[in-house]
Amino acid sequence: MTQQTIGKNPSFVLQSPGKVSYEDRPIPELSSPYDVLVKPKWTGICGSDVHYWVHGRIGPFVVESPMVLGHESSGIVVAVGEKVKSLRVGDRVAMEPGVPCRRCVRCKEGKYNLCADMAFAATPPFDGTLAGYYSLPEDYCYVLPEKMNLEEGALIEPTAVAVHITRQAGIKPGDQVVVFGAGPVGLLCCAVAKAYGAKKVVTVDINEERLNFALKYAATHSFKSQKVSAEENGQKIVEECGLGLGADIIIDATGAEPCIQTAIHALRMGGTFVQGGMGKPDITFPIMAMCTKELNVKGSFRYGPGDYQTAVDLVAGGRISVKELVTGKVKFGDAEQAFAQVKDGKGIKLLIEGPDV
């Protein structure tokens with residue numbers, strides 16, 4: 001199939017905060033002989049997508065012109081550039097949605113997720129993947145093994161986020177790990193931590209239903225946050241979950257200030273804290289506890305070299321499962337309803353089917 005014979009490109013477009021529309025956009029061109037054209041088949045909804053839909057911005061990234069939403073996608077390759085060697089038409093792929101410049105210092109030192117010139121899907125000014133067709137370089141497409149379906153392929157993106165977070169944490173066999181937040185990324189962090197050999201994985205949330213789901217999914221213990229001080233909550237987690245002198249590693253997948261504060265108090269001396277969730281720009285932070293415990297405190301942003309392939313391998317090898325996270329699927333024409341459901345906290349991961357083109 002050539003580009004000229006493919007047809008139209010229906011797209012789900014954010015016009016302004018709270019206002020979306022369906023448009024027939026031009027079919028993306030292969031701007032490089034190493035690019036491929038993919039037909040997205042399933043797209044998951046991320047909290048960042050919903051944030052743009054509601055507020056029109058995330059920090060310094062502001063929607064100033066209409067933008068196609070979506071970035072958690074899998075699809076089928078329908079056209080390839082003349083120099084593409086690793087893919088062919090018909091391949092089913094997970095689509096890594098961020099393409100760096102490949103030339104800057106951060107890219108060259110192996111941290112391309114920190115590239116200042118990153119072109120990331122559905123982050124202004126770049127269009128996303130909720131469309132009939134999307135183009136990207138061949139090396140940002142990951143062929144799905146035969147036993148993986150395209151729905152699982154759409155979950156590779158949040159799984160890669162969890163892989164990156166756990167790599168930042170340096171989880172090793174025997175570690176005691178606490179994960180704040182039982183949403184998609186928090187649940188996947190629990191699953192990856194368990195796959196990496198953590199002997200105890202504690203899920204923390206305020207939602208009883210999500211805590212129960214986490215226990216069935218990957219966590220070994222659960223803790224429902226109390227309306228007490230962060231220091232007291234931290235001590236309760238340690239005592240009730242049998243963490244001895246404190247957790248080895250704590251991941252926050254919420255961005256909520258009380259969770260971050262509690263995490264610092266629940267860590268052992270010399271423990272590691274990784275911030276995976278994004279909340280308000282500034283918080284009150286227990287810096288005295290961080291210093292006296294000599295904690296390792298790290299951020300985590302998207303995913304870097306090897307994270308996507310590792311995510312594919314973990315799912316393909318059965319070391320983690322993502323099927324349980326899919327709690328709803330909608331047609332392309334019902335995309336806005338799906339966004340509303342995610343905004344209201346319904347379900348865990350909703351998938352939008354690609355348009356019929």
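The values are calculated or read from the model by the stated rules, or taken from the named source; none is laboratory data. If you're wondering where the values come from, they're calculated on a predicted model, not measured in any experiment. We place every Cβ from the backbone using ideal geometry, glycine too, and count neighbours over all the protein chains shown.
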With the structure loaded, tell me whether residue 297 is at pLDDT 95 or above and either surrounded by fewer than 18 Cβ atoms within 10 Å (Cβ to Cβ) or not assigned by TED's automatic domain parsing to the domain that holds residue 188 (or both) or whether it fails that test. yes
Restricting to segment 180-203, and then to whatever is in a strand (DSSP E or B) and touching a Leu at 6+ places or on another chain (Cβ under 8 Å), can you tell me which residue is surrounded by the most Cβ atoms within 10 Å (Cβ to Cβ)? 203
Residues of segment 232-244 being of a type in the set (A, V, I, L, M) and closer than 15 Å to residue 199 by Cβ, which ones? 243
Looking at segment 14-26, is at least one residue on the phi < 0 side of the Ramachandran plot, among the small types (Gly, Ala, Ser) and assigned to a helix (DSSP H, G or I)? no
Filter segment 300-336 for residues that are surrounded by 17 or more Cβ atoms within 10 Å (Cβ to Cβ) and hydroxyl-bearing (Ser, Thr, Tyr); the one that is nearest to residue 207 (Cα to Cα) is 300
Filter segment 19-62 down to the residues that are surrounded by fewer than 22 Cβ atoms within 10 Å (Cβ to Cβ) and among the polar types (S, T, N, Q) and list them by number. 21, 31, 32, 48
If you scan segment 238-280, which residues turn out to be among the small types (Gly, Ala, Ser), in a loop (DSSP other than H, G, I, E, B) and surrounded by fewer than 24 Cβ atoms within 10 Å (Cβ to Cβ)? 242, 244, 246, 255, 256, 277, 279
Looking at (1) in contact with a strand residue (DSSP E or B) (Cβ under 9 Å, 6 or more places away or on another chain); (2) surrounded by fewer than 24 Cβ atoms within 10 Å (Cβ to Cβ); (3) not β-branched (Val, Ile, Thr); (4) not assigned by TED's automatic domain parsing to the domain that holds residue 119, can you tell me which one residue 173 breaks? (1)
Which residues, counting only those in segment 279-316, are touching a residue at least 60 places away in the same chain (Cβ under 8 Å) and either hydrophobic (A, V, I, L, M, F, W, C) or touching an Asp or Glu at 6+ places or on another chain (Cβ under 7 Å) (or both)? 301, 308, 311, 312, 314, 315, 316
Which ones in segment 287-304 are over 27 Å from the mean Cα position of the chain (by Cα) and in a loop (DSSP other than H, G, I, E, B)? 293, 294
Checking 27, 45 in turn, the sole residue that is of a type in the set (A, V, I, L, M, F, W, C) and out of contact with any helix residue (DSSP H, G or I) (no Cβ under 6 Å at 6 or more places or on another chain) turns out to be 27
Candidates 342, 330 - the one that is under 19 Å from residue 41 (Cα atoms) and either assigned by TED's automatic domain parsing to the domain that holds residue 181 or among the hydrophobic types (A, V, I, L, M, F, W, C) (or both): 330
In segment 337-356, what residues are surrounded by fewer than 17 Cβ atoms within 10 Å (Cβ to Cβ) and more than 20 Å from the chain's Cα centre (by Cα)? 337, 356
Which of the residues that make up segment 48-62 are assigned to a helix (DSSP H, G or I), of a type outside the set (Asp, Glu) and in contact with a Gly (Cβ under 8 Å, 6 or more places away or on another chain)? 53, 54
Within segment 45-79, the residues that are within 19 Å of residue 22 (Cβ to Cβ) and among the small types (Gly, Ala, Ser) are 56, 65, 70, 73, 75
Quick one: would you say residue 234 is of a type outside the set (Ser, Thr, Tyr), at pLDDT 95 or above and closer than 24 Å to residue 299 by Cβ? yes
